[in-house]
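Colleague: Below is the structure I would like to discuss, written out as structure tokens.
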Amino acid sequence: MSATMVVPQLVQKLRTLVTTGYSTEHSISGVSNPFLQVQILRLLRILGRNHEESSEAMNDLLAQTVLTIMDIHSAAGLRVLAINILGRFLLNSDKNIRYVALMSLLRLVQSDHSAVQRHRPTVVDCLQETDASLSRRALELSLALVNSSNVRAMTRELQAFLESCPPDLRADCASGILLAAERFAPTKRWHMDTILHVLTTAGTYVRDDAVANLTQLIAGAQELHAYSVRRLYSALAEDISQQPLVQVAAWCIGEYGDLLLEGNCEDIEPLQVEEEEVLALLERVLQSHMSLPATRGYALTALMKLSTRLRGDNKRIRQVVSIYGSCLDVELQQRAVEYNALFRKYDHMRAAILEKMPLVERGGPQVDEEAKENKAAAKLSEAAPLPAEPQASKLLDLLDLLDGPSEDAQHPPPLDPSPGGALVQLLDLPCAPPPPAPIPNLKVFEREGVQLNLSFIRPPGTPALLLITVTVTNSSGGDVTHFICQAAVPKSFQLQLQAPSGDTVPAQGGLPITQLFRILNPNKIPLRLKLRLTYNHFGQPVQEIFEVNNLPVETWQ
């Protein structure tokens, strides 16, 4: 029997049940046979789904049946009536009814956005529910209701909720506000203020790209540079615990510190700041136990940038940079050594190198080029796995361990062009270890089943360049973890260390670690190589420092 024939009979039966007077035999609390009514409504819901003729036959009977109305081809007025019924359910004292109403409205908000929008004040009130499941559903619905016409009002409500919401909702709320601001922001200044408020209130809960988005926004709005640096400086002076906020503030102070000291911004209250105060604040960030290594990197770079933007003496900045040249964090140490070299050897280039960052437009040519490079890198990764940690993907400039510490040895000289275009080829070589070469391999280390071998190749046309592939194997019964290999060469050589393929070698001949050394030997003299190995094995830390001075003559002649 088709739906067209069944639906009229069901409608007539339901109409009879609804209009029939009170019967003690089949009534419950004054409702005539409620269980049968519910079953009929469920059946009508099934029969009317995607069936316009059947839906038309039951439209006039369904004013009180919300789910059925929403699943069939009901009239627009009837759907609005159903949404209004759900809106009244939000005021019900029963939590279960409020929960069902919120879930139902969430289902309808995409198809009937304007009708649900009428109940926005009631939905926002539900944010204050003590029940976590209710407040979460209310948050989801509130975020779904944000549009260009109500973004200011809704953002104020959501920001107020962010300040007092349970910790398990803060990440969702912060991310929702940032997404809504990015999509519907009426002005750039409002957008910046909104992100800043989120970073100040719940910085530790924001998405990873919040820092990049805000710096991109500030850099692209020249009219906001002075306003932004003053707002962020004031926020940083009040609180250095919110790491994303500190990172953005340090970046902004480094880029636009000169505007901070001018004090002529009309969009904010007058702020008189002295150079020493700015430097002291950044030093406080560097010294704080709350600062992450990445945050310290932002602060150190900001100090370095201020060396070209402040009018006073750079002695204090040079002292701070010099101190962090011996920092335990390798990344921070590398930056400090490089900055120290800028002061000592390349001071004439410092101002040009530390100019304001150019704006990188989203979706512009730079992004396209990065996409192409990423595709190329993906192909290379098939030959050489990428390291697990982001900082390991960068080349390390190590201290000259062979000749001992000295001021000149803290940072190796830059690679200068040599005959045959050695520098260009050095930088253009693929990251993957090169294929085997006809130079004999050399075993340089073995301890408790951990073995380190060196293989060599000298690229044709670049006789001054030597590529050394370090291979670490483990035949023991325990994993080798946290493996780090550092290298140093005499000052007459130039060394670059490629990122290793990992830091763990599984036991019993598991996948080895490989790492590429690039050594430029313009004078073609015998190479001495000093290695420092650190790793954990059988639960014990191991450190080995040794010199390799028996490299095959083919590596340098």
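Colleague: Inside the stretch 505-539, can you point out the residues that are of a type in the set (S, T, N, Q), modelled with pLDDT under 90 and under 20 Å from GLY477 (Cβ atoms)?
Modeller: Matches in the stretch 505-539: GLN508 only.
Colleague: Then there's this: Among GLU140, GLU129, which is the only one that is closer than 19 Å to PHE161 by Cα and open to solvent by 70 Å² or more (accessible area, probe 1.4 Å)?
Modeller: GLU140
Colleague: Where residues in the stretch 59-87 are over 17 Å from VAL109 (Cβ atoms) and part of a helix (DSSP H, G or I), which of them is modelled with the highest pLDDT?
Modeller: Ranking the qualifying residues of the stretch 59-87, first place goes to GLY77.
Colleague: Filter the stretch 18-39 for residues that are outside any loop (DSSP other than H, G, I, E, B) and buried (at least 16 other Cβ atoms within 10 Å of the Cβ); which is modelled with the highest pLDDT?
Modeller: Going through the qualifying residues, I end up with GLN37.
Colleague: Could you check the stretch 458-472 and list, in sequence order, the residues that are open to solvent by 60 Å² or more (accessible area, probe 1.4 Å) and either polar (S, T, N, Q) or without any contact (Cβ under 8 Å) to a residue 24 or more places away in the chain (or both)?
Modeller: Matches in the stretch 458-472: PRO460 only.
Colleague: Give the residue, chosen from VAL472, VAL480, that is in contact with a Ser or Thr (Cβ under 7 Å, 6 or more places away or on another chain), of a type in the set (Val, Ile, Thr) and modelled with pLDDT of 90 or more.
Modeller: Result: VAL480 is the single residue among VAL472, VAL480 that is in contact with a Ser or Thr (Cβ under 7 Å, 6 or more places away or on another chain), of a type in the set (Val, Ile, Thr) and modelled with pLDDT of 90 or more.
Colleague: Moving to a separate point now. Just to be sure I understand, how many residues within the stretch 157-190 are within 21 Å of ARG231 (Cβ to Cβ) and under 19 Å from the mean Cα position of the chain (by Cα)?
Modeller: 6
Colleague: Just one of ARG318, ARG335, ARG309 is basic (Lys, Arg), surrounded by 15 or more Cβ atoms within 10 Å (Cβ to Cβ) and within 29 Å of the chain's Cα centre (by Cα); which is it?
Modeller: Answer to the selection: ARG335.
Colleague: Any residue in the stretch 150-159 that is of a type in the set (Lys, Arg), closer than 22 Å to VAL38 by Cβ and open to solvent by 60 Å² or more (accessible area, probe 1.4 Å)?
Modeller: No; the residues of the stretch 150-159 include none that is of a type in the set (Lys, Arg), closer than 22 Å to VAL38 by Cβ and open to solvent by 60 Å² or more (accessible area, probe 1.4 Å).
Colleague: Let me ask something additional. Which condition number in (1) within 30 Å of GLY203 (Cα to Cα); (2) over 25 Å from the mean Cα position of the chain (by Cα) is the one that THR295 fails?
Modeller: With respect to (1) within 30 Å of GLY203 (Cα to Cα); (2) over 25 Å from the mean Cα position of the chain (by Cα), THR295 is out only on (2).
Colleague: On to the next question. Looking for something under 17 Å from GLU547 (Cα atoms), at pLDDT 90 or above, outside any loop (DSSP other than H, G, I, E, B) and among the aliphatic types (A, V, I, L, M) - is there at least one such residue anywhere in the stretch 446-459?
Modeller: yes
Colleague: Is one or more of the residues making up the stretch 167-190 of a type in the set (Lys, Arg), open to solvent by less than 50 Å² (accessible area, probe 1.4 Å) and more than 22 Å from ARG136 (Cα to Cα)?
Modeller: No, the conditions are met nowhere in the stretch 167-190.
Colleague: Being of a type in the set (S, T, N, Q), surrounded by 13 or more Cβ atoms within 10 Å (Cβ to Cβ) and modelled with pLDDT of 80 or more: is that true of SER114 here?
Modeller: Taking the combined requirement at face value, the residue does not satisfy it.
Colleague: For the stretch 437-457, how many residues meet the condition of being over 30 Å from PHE538 (Cβ atoms) and either surrounded by 21 or more Cβ atoms within 10 Å (Cβ to Cβ) or of a type in the set (A, V, I, L, M, F, W, C) (or both)?
Modeller: Counting residues in the stretch 437-457 that are over 30 Å from PHE538 (Cβ atoms) and either surrounded by 21 or more Cβ atoms within 10 Å (Cβ to Cβ) or of a type in the set (A, V, I, L, M, F, W, C) (or both) gives 4.
Colleague: Moving to a separate point now. Under the condition of being of a type in the set (Val, Ile, Thr) and under 32 Å from the mean Cα position of the chain (by Cα), which residue from the stretch 473-490 is surrounded by the fewest Cβ atoms within 10 Å (Cβ to Cβ)?
Modeller: Among those residues, the one meeting the criterion is THR481.
The values are calculated or read from the model by the stated rules, or taken from the named source; none is laboratory data. Source: prediction; values computed, not measured. Every residue, glycine as well, gets a Cβ built from its backbone with ideal geometry; the counts of neighbours run over all protein chains shown. For accessibility, only protein heavy atoms count, side chains too; no ligands or nucleic acids. Shrake-Rupley method; radii C 1.70, N 1.55, O 1.52, S 1.80 Å.
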